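The values are calculated or read from the model by the stated rules, or taken from the named source; none is laboratory data. Just so you know, these numbers come straight off a predicted model, no measurement behind them. Ideal geometry is used to build each Cβ from the backbone, glycine not excepted, and the neighbour counts take in all protein chains shown.
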Amino acid sequence: MGAVLTNPLRVGLRQERVIPPQCLVIFGASGDLTHRKLVPALFELFRQRRLPSEFAVLGCARRPWSDEEFRRKMAEAMASEVAEHRVAWEQFAAGLFYEPVDLEDPPSVVRLGQRLEGIDRLRATRGNRTFYLSVSPNFYGSGCRSLAAAGLLSDPSRSRIVIEKPFGRDYGSAQELNRVVQTCAQENQIFRIDHYLGKETVQNILVMRFANTIFEPIWNRNYISSVQITAAETVGVEERAGYYESSGALRDMVQNHLTQMLALTTMEAPGRFDPESMRNEKAKVLQAARLANEDEPWKCCVRGQYGSGGSSTRPITGYRHEPGVNPESTTETYVAMKLFINNWRWQGVPFYLRTGKRLPKRLSEVVLTFREAPVHLFDAAGGAPTPNQLILRIQPNEGAEFKFEVKAPGSGMRSRPVDMAFSYDDSFGEPSDEGYVRLLADAMLGDPTLYTRSDEVEAAWRLYTPLLELIEDAPSRLPVYPYEARTWGPAASDNLLAADGLAWRRP
Amino acid sequence: MSTQLTLQAPLALPPDQVPGYLERLWDQSLGSSPGAATFTLVVWEGSWLEQQLVRCGRLDGPITGFLNEKVLEAARAAAASCGLPLSTAPMDPKLAWAIGQLGGNHHAEDQRGQFVEGAISAHMPRRLITLAPTLDGSQPLETLVAAYCPLPEEGAGSSACGDVVVLRGSTGALHQNLDLVQPLIAPDLPCWVWWNSSLDEAPEVMAALATGARRLVVDSSLGDPRRCLNLLVERITAGQPINDLNWLRLRSWRESLAMVFDPPSRRDALNHVVQLDIDVEGSNPVKGLLLAAWLADRLGWQLISTYAVDGDGVGDGIGAEFERSDGETVRFRQMPVPVGVPKTHPGAILGLRLICQSSQGSPLCVILCSESGGCMRLESGGMASMELAEEVVPLPNESEEMEVARLLSGGHDSTNPLLAAAAPLAAKLLP
């Protein structure tokens, strides 16, 4: 959201839920995520007085850093924030500690336990611990096992573990990983993070649906003709080629972020807003979701890969020429697909999902297109009346927009579409917290509502299994179409909708 | 969460045997308890209202220290028979004093400190020390100790978590034995001191208990307004972490006012405030002054003058003039308003009106009304030409114990900067 003047009366009011005393243990503390997202999010919570004085962060990685080195490196990485809030940083940094830990080395994990006991005494953190696994996915299972073996997960009320994405790379590996972590900790201790769920606007899908009476009665197959979910990026693969080459857009974006948006858009209303009720409904709707053609999945999915593009003054390198990418790579940087949800609410409504890199705009949105009026009484300025659309803008320009027909001014009775818009900036004017601020706070509060449960993760992987198997076994059936960078993907993607008489919304 | 009983029957011990007993208890039973490294909570549990109501036969015992509905009902009924105005809040110390003038010599079991509110015990204080002063000025010191634990969740264990210590006796006896309390407070753990009574009483006991970095919890609605605000200022100035329940109860008013100015299109109006009116219940002005002071601080107003305003028989109001950063004047007026059914604490806010007048555009009038009271007085007169933003402020329905539990669950070793800025200004606003 855009920068706006702060509401002076709003300062200090974000203290609705109090995080209990505890130590947040970050594994992979020497990695990017720690200094780019996690520690800044914690510092933000500290400045909002949402962290208690009895709080500590213990960074863990293999590097032999000292507490002081860890503090210095974090301060360097956050230089502008530190300079702006020098006193607060000094107070916050007093609670930063570092312990060299190799999760594969049991004695090292035992030492970690001793260090944590020391921190409990020093900072009165009451034995409450949140372990954040910001490590290679290869170490999720062994990491959990090491922590459990050292007794660090034995008290479900005082310890929990946060696991970054990707959680598995297909249905089988996700099942196996779930099995391993569930032998180490109870499900209510396991927090599988999807940072999209930390976004204010993603959570707003729930509030719009379930806090208003006007939407829910029409939120079904009787009124909605199709749904599009888009997550478009303008950036390329950047420095993530190593990971992205083995992942691709389907695993990197669709299985988690887009699927979560799909679940929130389509789930039934939970009986109450508690973690299990919420996650039950999400899991149920994902279990009812199917590719539009499971027998011939190549007919309901399009893959693409960006080629070179841009202008003569600002040329853009194609994916295969990006550093670290195989020059003959068949990894998709774009994917579009059609799904159905086989339940009473959504039977027969097509859901179109797309995501890609190097597209013309950075945006995420959910577009619900309503059925046409049964009789056209009026001439329409555009030839035919435009179907009503509700657009939930996830980012940027966060908000919602409703398109409907009105009488065009003049002597005739012609209709034309107009927009009615709600904007977070106009209504609230405050930048939302970064997703990690909300999600870290929730994990430390022990609130898993915005984290994905094992059955949700498995249902999401199972949904895309026919595609993943096809890519693995017969990639030629699901070719990777090239598209020019800064265009809206390959033409085949447009054809996917054209076959249904539809077109992607051009945002 | 329900109120939790101690795990074992409280054991009465001679005062000098208490430290030794507790040491043995920790050595033998509690050494590995999850409460071992949490915090100490010291409570000054006056409960004068409850004690007086029991003494004059208007309330059955036992005396627990909890402000439940029965106590409030009995207090409201007593206010009328004591000849106090209907606006007298049940927790107004004047009411307890007035009931004290009624006859009666009933007795009930005194269980103060032996109950642990579930929300508090869930945080497993290592030690909960209750000082329970009695009406009988000659009562010698009694000391009770017990282990306690929250009632176990289904399937969980039932081991003890911490201990409770009750010191009961006359205020004088408690004062003389404060030396007993100090060694019971673990020096290496946070210590909270909850002064759950009027701030006017036993200053020497408070001075002894709330020393140094101990986190003091008070309620500035209880006691003489001048003394309450001065105490806040003194403690804040001295660097003591202080938490004021009266300030915390302002949360929904602050939130509602902030909400009005969330849309950026309204922000500029905050630079053009010309008038602030606050209506409060009864004669205690502290809560209203804290709200006004918070607003003045956030908007950068300088206090120019303050004066008493004739309250038309209800009690004096308070008027003041502030200067905005652009040199323009803001007029402030806080008036006491009589009510039929007062809220629990003295000086609850009934309504707020803020008028913003810029040279361009029509003036904006913001009115916030208490959900239980309405604010017809603030809605009257001359607003037809103004843009009106009117909100109803929801009232929190939480007990003192829940508020304290919230503090204990994630406490700070410093005073909230907003309170630290508002309290001195509120003190200056008192004429």
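Brief remarks follow.
- Residue tally, condition within 14 Å of chain B (Cβ to nearest Cβ) and within 27 Å of A:ARG290 (Cβ to Cβ), over region A:440-456: 0
- Residues satisfying the stated conditions in region A:332-348, i.e. surrounded by fewer than 23 Cβ atoms within 10 Å (Cβ to Cβ) and more than 19 Å from A:GLU296 (Cα to Cα): A:ASN343, A:TRP344, A:ARG345, A:TRP346, A:GLN347
- Residue in region B:306-318 that is within 23 Å of B:SER221 (Cα to Cα), of a type in the set (Gly, Ala, Ser) and within 25 Å of the chain's Cα centre (by Cα) present: yes
- Scanning region A:320-375 for residues that are among the polar types (S, T, N, Q), assigned to a loop (DSSP other than H, G, I, E, B) and under 23 Å from A:LEU197 (Cβ atoms) gives a single hit, A:ASN343.
- In region B:32-48 there is at least one residue matching the filter, namely being charged (D, E, K, R), modelled with pLDDT of 90 or more and either farther than 25 Å from B:VAL218 by Cβ or surrounded by 18 or more Cβ atoms within 10 Å (Cβ to Cβ) (or both).
- For region A:153-165, a residue qualifies if it is touching a residue at least 40 places away in the same chain (Cβ under 8 Å) and crowded, with 23+ Cβ neighbours inside 10 Å, and the qualifying residues are A:ARG160, A:VAL162.
- Helices (runs of 4 or more DSSP H) wholly inside region A:177-268 containing at least 3 residues that are loosely packed, with under 15 Cβ neighbours inside 10 Å, touching a residue at least 60 places away in the same chain (Cβ under 8 Å) and hydroxyl-bearing (Ser, Thr, Tyr): none
- Apart from one condition, B:PRO187 fits all of (1) farther than 19 Å from B:ALA420 by Cβ; (2) touching a strand residue (DSSP E or B) at 6+ places or on another chain (Cβ under 7 Å); (3) within 14 Å of chain A (Cβ to nearest Cβ); the exception is (2).
- Residue match in region B:8-24 (condition: in contact with a Pro (Cβ under 8 Å, 6 or more places away or on another chain), under 15 Å from B:ARG127 (Cβ atoms) and at pLDDT 85 or above): yes
- Among the criteria (1) buried (at least 19 other Cβ atoms within 10 Å of the Cβ); (2) within 14 Å of chain B (Cβ to nearest Cβ); (3) touching a strand residue (DSSP E or B) at 6+ places or on another chain (Cβ under 8 Å), the one A:ALA459 does not fulfil is (2).
- Selection within region A:170-200: residues that are basic (Lys, Arg) and under 16 Å from the mean Cα position of the chain (by Cα). The member of this set that is modelled with the highest pLDDT is A:ARG192.
- Selection count where residues are within 14 Å of chain B (Cβ to nearest Cβ) and in contact with a strand residue (DSSP E or B) (Cβ under 8 Å, 6 or more places away or on another chain), scope region A:84-121: 4
- All positions within region A:395-439 that are within 14 Å of another protein chain (Cβ to nearest Cβ) and either in a helix (DSSP H, G or I) or of a type in the set (A, V, I, L, M) (or both): A:ALA421, A:TYR424, A:ASP425, A:ASP426, A:SER427
- Residue check for A:PHE139: crowded, with 22+ Cβ neighbours inside 10 Å, farther than 17 Å from A:LEU24 by Cα and more than 14 Å from every other protein chain (Cβ to nearest Cβ): no
- Residue list for region A:286-317, filter: in a helix (DSSP H, G or I) and either touching a residue at least 60 places away in the same chain (Cβ under 8 Å) or at positive phi (or both): A:LEU286, A:GLN287, A:PRO297, A:TRP298
- Output for region A:115-143, where each listed residue is in a helix (DSSP H, G or I), of a type outside the set (Lys, Arg) and under 27 Å from A:VAL18 (Cα atoms): A:LEU116, A:GLU117, A:GLY118, A:ILE119, A:ASP120, A:LEU122
- Scan of region B:48-70 for residues that are of a type in the set (A, V, I, L, M), over 20 Å from B:THR171 (Cβ atoms) and either free of Cβ contacts under 8 Å to residues at least 60 places away in the same chain or in contact with a Phe, Trp or Tyr (Cβ under 7 Å, 6 or more places away or on another chain) (or both), ordered by number: B:LEU59
- Here A:THR6 meets each of (1) out of contact with any Lys or Arg (no Cβ under 7 Å at 6 or more places or on another chain); (2) more than 14 Å from every other protein chain (Cβ to nearest Cβ); (3) farther than 26 Å from B:TRP192 by Cα; (4) of a type in the set (Val, Ile, Thr) with one exception, condition (2).
- Any hit, region B:368-375, residues being more than 21 Å from B:LEU248 (Cα to Cα), modelled with pLDDT under 85 and of a type outside the set (A, V, I, L, M): yes
- Restricting the first member to region A:405-420 and to residues that are free of Cβ contacts under 8 Å to residues at least 40 places away in the same chain, and the second to residues that are in a strand (DSSP E or B) and of a type in the set (Ser, Thr, Tyr), the beta-carbon pairs closer than 9 Å and six or more apart or on different chains are A:GLU405/A:SER415; A:VAL406/A:SER415; A:LYS407/A:SER415; A:ALA408/A:SER415.
- Any hit, region A:100-107, residues being aliphatic (A, V, I, L, M), touching a Pro at 6+ places or on another chain (Cβ under 9 Å) and modelled with pLDDT under 95: no
- Look at region A:117-128: where a residue is in contact (Cβ under 8 Å) with a residue 40 or more places away in the chain and a partner is part of a helix (DSSP H, G or I), sitting 6+ places away or on another chain with Cβ atoms under 9 Å, you get A:THR125/A:LEU116; A:THR125/A:ILE119; A:ARG126/A:ASP120; A:ASN128/A:ASP120; A:ASN128/A:MET444.
- Of all residues in region B:384-421, those satisfying the criterion of being within 11 Å of chain A (Cβ to nearest Cβ) and touching a Phe, Trp or Tyr at 6+ places or on another chain (Cβ under 9 Å) are B:LEU407, B:LEU408, B:GLY410, B:GLY411, B:ASN416, B:LEU418, B:LEU419, B:ALA421.
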